[in-house]
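Shown next, in structure tokens, is the structure this report addresses.
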């Protein structure tokens, strides 16, 4: 366990959207109260110098480079990698081999084979590196509330779970082709690589690992304008709907998992809904202050709305009655990563572990097989040779209508 108050030097590989979000979250670190670690972004890498221009306003950064290997010389403690999916395998394993701790963007490799290689690299490091995978939406206060209720047993026997992430970024058929619609860059799984861990992190953490599933995958816009304006093939899936069975005979329940890049009416919506014999709850980022909870009151089934404040896994200076947003969730995710790395997570909800990321890949691989065969498939979890790490939840100052 590291001493509280240590400074952690962070290097960012990938100067795009998520790289900037990470740097901004760390720049706002004083908004957290009593966090045991003080991160500082000291290096950033991108092959396009134009992507580095935004980072030049941050006085803490002393190294700008086009080669991520320059961040593996011991001058950086943690490397955050946010690049195209096809680059994950080689960069992640290089970071791990260097002995540098890794905060990886999802997916954990472009497919199950790549994810397995990454986990094997971690095992070969023999505990010498700390690795977690990005999944920020569970760090919304409302998501934490639903997770805590599920772990408490408040819902009784689970009847049904829905976990989904939908947006409409690909609604316009005239939108130019981008790498997330190309298999060579995004992987055969398409949207399931892009959004899969977002919707599988919490169910897997809570022990709701699909035993079988049936997948419906959609390639809705098959061609888009390429760089020269002529139509080019889109060879990945935009939408994926998975009907999963969780548990064994007599004790199973259905879990619907949805990942959609074309969902009319959605801007960017993450949803978790759990219903059981004695209650239920639902949170959606569409309504970021509201948790809907169902109680049994005598013979009545009563849904109530609980207004959430700003406080999540780690306390912050933000007034408790204010709302939380995407940038706050990212900062809370980083706070969880760095606290766990330092040995001070103290029972709070943690980031996705390598084993959880590998489980998610097994589910995605089964979905691809189900779509190919048109039948129900059982995910192959045989690649997991050790018990997955299981996190816990502590939600401070939330009574949730008790």
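Coordinate-derived values only; no laboratory data. Keep in mind the model is a prediction, meaning the values are calculated, not measured. Neighbour counts are summed over all protein chains in view; Cβ atoms, including those assigned to glycine, are modelled from backbone coordinates with ideal geometry.
Once you've got the GNM for the chain with C-alpha springs shorter than 10 Å, pick whichever of 104, 113, 82 has the biggest mean-square fluctuation.
Greatest mean-square fluctuation among the candidates belongs to 113.
Work out the P(r) tail for the stretch 6-133: percent of alpha carbon pairs separated by more than 19 Å, whole number. Spell out each step's value before the answer.
Values: 3750 of 8128 pairs.
Taking all Cα-Cα pairs of the stretch 6-133, the fraction more than 19 Å apart is 46 percent.
Based on alpha-carbon atoms only, what is the radius of gyration of the stretch 271-365 relative to the globular estimate 2.2 N^0.38 Å?
Working: Rg = 16.5 Å, N = 95, 2.2 N^0.38 = 12.4 Å.
Taking the Cα Rg and dividing by 2.2 N^0.38 Å, one obtains 1.33.
Sum -39500 (n - 2.57) across every DSSP H segment of at least 4 residues in the chain, then divide by the residue count to get the 222 nm mean residue ellipticity, nearest 500. Numbers along the way, then the final one.
Values: 9 runs with 105 residues, N = 402.
When only DSSP H runs of four or more count, the value is -8000 deg cm²/dmol.
Could you work out how much longer the chain between residue 346 and residue 69 gets when fully extended? Use 0.36 nm per residue separation minus the Cα distance between them, nm to one decimal. Let's see the in-between values first.
Values: separation 277, 0.36 × 277 = 99.72 nm, distance 3.34 nm.
Value of the extension gain: 96.4 nm.
Can you pull the one-decimal nm distance between simple spin-label points at residue 268 and residue 376, each 7 Å off the Cα toward Cβ?
Taking the simple label geometry, residue 268 and residue 376 are separated by 3.7 nm.
Roughly how many nanometres apart are two label points built 7 Å out from the Cα toward the Cβ at residue 48 and residue 297?
5.4 nm
Relative contact order for the stretch 71-188 using alpha-carbon pairs under 8 Å, separation at least 6, rounded to a whole percent?
Numbers: 115 pairs, mean separation 30.2, N = 118.
Normalised by residue count, the contact order of the stretch 71-188 is 26 percent.
Averaging the inverse of every distinct alpha carbon separation and then flipping it gives the Kirkwood radius. What is it for the stretch 50-198, in angstrom units? Mind dumping the intermediate values first?
On the way: mean 1/r = 0.0552 Å⁻¹.
About 18.1 Å, per the Kirkwood formula over Cα pairs.
Out of (i) 47; (ii) 61; (iii) 37, which label holds the value of percent of Cα pairs over 31 Å apart that was computed here?
Here the calculated entry is (iii).
Evaluate the relative contact order of the stretch 6-133 (contact order divided by residue number), counting alpha-carbon pairs under 8 angstrom at least 6 apart; express in whole percent. List each step's numbers first, then the result.
Numbers: 221 pairs, mean separation 30.5, N = 128.
It comes to 24 percent, rounded to a whole number.
Using 0.36 nm per residue of separation minus the Cα-Cα distance, give me the extension gain between residue 113 and residue 369 in nm, one decimal. Don't skip to the end; give the middle numbers.
Details: separation 256, 0.36 × 256 = 92.16 nm, distance 1.46 nm.
Result for the pair: 90.7 nm of gain on full extension.
Would you kindly state how much longer the chain becomes between residue 241 and residue 278 on full extension, computed as 0.36 nm times their sequence separation minus their alpha carbon distance, in nm to one decimal?
Working: separation 37, 0.36 × 37 = 13.32 nm, distance 2.73 nm.
Separation in residues times 0.36 nm, less the Cα-Cα distance, equals 10.6 nm.
How big is the shadow of the Cα convex hull of the stretch 138-259, averaged over all directions, in nm²? Write down the numbers at each step before the final one.
Values: hull surface 34.3 nm².
Result: a mean projected hull area of 8.6 nm².
Given Cα positions, please report Rg to Rh for the stretch 328-375, the hydrodynamic radius being the Kirkwood one. Spell out each step's value before the answer.
Details: Rg = 15.9 Å, Rh = 12.8 Å.
Expressed as Rg/Rh, it is 1.25.
Going by Cα centres, the stretch 293-338 and the stretch 193-262 are how many Å apart?
Cα centroid of the stretch 293-338 versus Cα centroid of the stretch 193-262: 26 Å apart.
Quick check on the chain: of the DSSP beta bridges with both residues there, what percent are antiparallel, nearest 5%? Spell out each step's value before the answer.
Working: 49 of 77 bridges.
Among the beta bridges of the chain, antiparallel pairing accounts for roughly 65 percent.
List the relative contact order of the chain as a percent without decimals, with contacts defined as Cα pairs under 8 Å and 6+ residues apart. Mind dumping the intermediate values first?
Numbers: 905 pairs, mean separation 77.4, N = 402.
Computed over the chain, the figure is 19 percent.
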